[in-house]
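Notes follow the structure.
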Amino acid sequence: MAARNLCCMALRSSKLLSRPSHLLSVQMRMQMQMLSSSLPLTRKMSMDAQSVASKLNSSGLLRTQGLIGGKWSDAYDGKTIKVYNPATGESIADVACMGGRETNDAISAAYTAYRSWSKTTAAERSKFLRKWYDLLMAHKEELAQLITLEQGKTLKESIGEINYGAGFIEFSAEEAKRVYGDIIPAPLSDRRLFVLKQPVGVVGAITPWNFPLAMITRKVGPALACGCTVVIKPSELTPLTALAAAELSIQAGIPAGVVNVVMGNAPEIGDSLLASPQVRKITFTGSTAVGKKLMAGSAETVKKVSLELGGNAPCIVFDDADLDVAVKGTLAAKFRNSGQTCVCANRIIVQDGIYEKFANALRDAVLNMKVGDGFSEDVAQQGPLINEAAVQKVESLIHDATSKGAKIILGGKRHSLGFTFYEPTVISDVNIDMRISREEVFGPVAPLLRFKTEEDAIRIANDTNAGLGSYVFTNSIQRSWRVAEALEYGLVGVNEGVISTEVAPFGGFKQSGLGREGSKYGMDEYLEIKYVCMGNMNKE
């Protein structure tokens, strides 16, 4: 009980959104509403956004209720929370604000559905998932518009997320038929030893706001493929995409209770998921601090836990790197989704011999990035940050860095568009004593650090409790192997800035988490291994 209370306290105290999966405090929501009401009319929801919301509502994909046991449900006390468009601060919809009672009912529904779903054949589960994938792709445009509406990323990036997120469902549909057991040679002639893989049970999936579809499908796809049922808690900042995906799962024929969605009071929902002995696994993407509390809370019922937590990704650029490749890769690793990704390049560590040349080239490339509303036709690279708290954290980190000697060579302030738009920023002369080197920025800021030798680069890169994503740019094959093996990170991109894919394992070392998502390795996270010894096999 004490561990669960600690978890609730951690969730309640989260006000600065340095990582996804946190709730806005009531005070912060009021500040957002005040900021929104004080904006000029040109900053209100655009006609494009209004049109999108209207079309989504007409299509049946704009859901505002939770999903429990196959039925759409309001919060039992009638409470709602607002979902905002981060590009304007305008309210998009009021969604059900659920809590412990609704979560307990969702768990019961998932537990009941598990009894039959876990007994369906792999081929049957594969067909359901394939149909879900087909529906996600058929509604790609609407889903992408919904992501841009509630999360703020550009429409081009949103479409990319649909392709990426749907890919996890397609891959899981294929892997469902490849969950193999084993036969072990027995030490005695009348024994037969078998290894079976069976679903772990009901899964509680807690997901963030920065990839509102892909972070769900990356968890739910393999869970369903293995025979598990799920209770999803999406971020309160971006629940609409999760609800739309759930609607399509119903249309795909996935039985009632297999997929459930509750959102609202994060502490109560988290407490219920942790307390229930019927929930056999927790899978979470979010901050390291909250992940630790969930891990502690899961101990009481000894749940299986998968955690994808904070990052502090180094991007190492060696003297022998191809400058164009390094700049292009760094842009992709740093500024995708306005810097709001868990594998975002957080420290760009550049060797002395190429430092000035690289800094100038990166500055010129970033200077050409267009910023604006994700629905604007001339915007290709960057939308707003998720909310005011995110902007304030970026400002705090930049202030700390400049007060300790760092130099802003581009950007460094709020964008003229106002609200939560922030200028793409490059700062030089950063060192390891600055907060920006120790904390995740989660914004469009590229801090440049210097190094002299390969050993220096590895030391600087590994000098962190995090160990999720990392990047290396070099033309030396020997060096690429040495450095990739020396980096204490779960993912390493060599001469590549976009490394996430459904076919490869995603996860971190050290305090960046436990377990893996994606690939055949991610399937194992939702399976239990059972050993069966059969005796007297030589007798009639």
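Projected onto its three principal axes, the C-alpha set of the chain covers 81, 57, 46 Å, listed from the longest axis down.
In this entry, the range 73-159 is assigned a mean projected area of 7.7 nm², taken as a quarter of its C-alpha convex hull surface.
I'd like to compare 291-298, 403-410, 471-478, 215-222: which one has the highest average count of other Cβ atoms within 10 Å, and what's the full order after that? Don't jump to the answer; show the numbers that get you there.
Working: 291-298: 22.2, 403-410: 15.5, 471-478: 19.4, 215-222: 29.4.
Packing proxy ranking, top to bottom: 215-222, 291-298, 471-478, 403-410.
Close amide H contacts of residue 63 (hydrogens built in the peptide plane, cut-off under 5 Å, sequence separation of 5 or more or a different chain): 244. With θ taken as phi - 60° and the Karplus curve 6.51 cos²θ - 1.76 cosθ + 1.60 applied, the whole-hertz 3J(HN,Hα) list for the range 269-277 is 5, x, 4, 5, 5, 6, 6, 6, x Hz, x standing for glycine and proline. Using only Cα positions of the range 413-529, each an equal point scatterer, no hydration layer, compute I(q)/I(0) via Debye at q = 0.14, 0.18, 0.20 Å⁻¹ and quote the log10 values to two decimals. For the range 413-529 at q = 0.14, 0.18, 0.20 Å⁻¹, log10 I(q)/I(0) is -0.76, -1.09, -1.22.
Shown in residue order for the range 487-500 are the 3J(HN,Hα) couplings computed by the Karplus curve 6.51 cos²θ - 1.76 cosθ + 1.60 at θ = phi - 60°: 6, 8, 9, x, 10, 10, x, 9, 6, 8, x, 10, 10, 6 Hz (x for Gly and Pro). The range 229-251 and the range 490-540 have Cα centres spaced 25 Å apart.
The order of the peptides 93-99, 237-243 by mean Cβ neighbours within 10 Å, most packed first, is 237-243, 93-99. Can you tell me which aspartates and glutamates have their Cα less than 15 Å from the Cα of residue 292? Leave out same-chain residues fewer than eight positions away. Reachable aspartates and glutamates: 271, 300, 308.
Quick one: of the DSSP bridges fully inside the chain, what percent are antiparallel, nearest 5?
On the way: 27 of 66 bridges.
So the antiparallel bridges amount to about 40 percent of the total.
What net charge is computed for the residues neighbouring residue 140, neighbours being all others with C-beta under 12 Å from the C-beta of residue 140, Lys and Arg scored +1, Asp and Glu -1?
Details: positive: none; negative: 134, 141, 142, 161.
With Lys, Arg at +1 and Asp, Glu at -1, the neighbours total -4.
Under the convention that each Lys and Arg Cβ holds +1 and each Asp and Glu Cβ holds -1, the size of the dipole of the chain around its Cα centre is about 1160 debye. Normalising the average separation of contacting C-alpha pairs (under 8 angstrom, six or more residues apart) by the number of residues puts the relative contact order of the chain at 18 percent. As a calculated quantity, the FRET efficiency between residue 186 and residue 296 at R0 = 45 Å, using C-beta atoms, amounts to about 0.65. For residue 452, the aspartates and glutamates whose Cα comes closer than 12 Å to its Cα, not counting residues fewer than 8 places off in the same chain, are 319, 352.
Out of 531, 360, 499, whose Cα points farthest toward the positive end of the dipole of the chain (charges: +1 Lys, Arg; -1 Asp, Glu; placed on Cβ)? So the residue we want is 531. Here the convex hull built on the C-alpha positions of the range 313-505 has a volume of 117 cubic angstrom per residue. Derived scalar couplings between HN and Hα for the range 193-206 equal 10, 10, 10, 10, 10, 10, x, 6, x, 6, 10, x, 10, 10 Hz in order, rounded to whole Hz, by the Karplus curve 6.51 cos²θ - 1.76 cosθ + 1.60 (θ = phi - 60°), x for Gly and Pro.
The simple spin-label model puts a point 7 Å past each Cα toward its Cβ; for residue 532 and residue 356 those points are separated by 7.2 nm.
Per residue, the accessible area of the chain comes to 39 Å², computed with a 1.4 Å probe over protein heavy atoms only.
The charge dipole of the range 174-307, taken about the Cα centre with unit charges on the Cβ atoms of Lys, Arg (+1) and Asp, Glu (-1), comes to about 400 debye, rounded to the nearest 20. For the peptides 177-190, 140-153, the ranking by mean Cβ contacts within 10 Å, running from highest to lowest, is 140-153, 177-190. For the chain, the carbon plus sulfur part of the accessible surface works out to 53%, probe radius 1.4 Å.
Cross-link partners for residue 55 among the lysines, with Cα-Cα distance under 20 Å and sequence neighbours closer than 8 places in the same chain left out: 44, 82, 140, 153, 156.
Measuring between alpha carbons in the structure, the pairs from 127/233; 293/520; 219/334; 197/304; 219/520; 281/520 lying more than 21 angstrom apart are 127/233; 293/520; 219/334. D by Stokes-Einstein for the range 105-241, Kirkwood Rh over Cα pairs, 20 °C, 1.002 mPa s: 131 µm²/s.
The values are calculated or read from the model by the stated rules, or taken from the named source; none is laboratory data. Just so you know, these numbers come straight off a predicted model, no measurement behind them. All Cβ positions, even for glycine, are placed from backbone atoms using ideal geometry, and neighbour counts span all protein chains on display. Remember, those area values only see protein heavy atoms, side chains included, never the ligands or the DNA or RNA. Shrake-Rupley method; radii C 1.70, N 1.55, O 1.52, S 1.80 Å.
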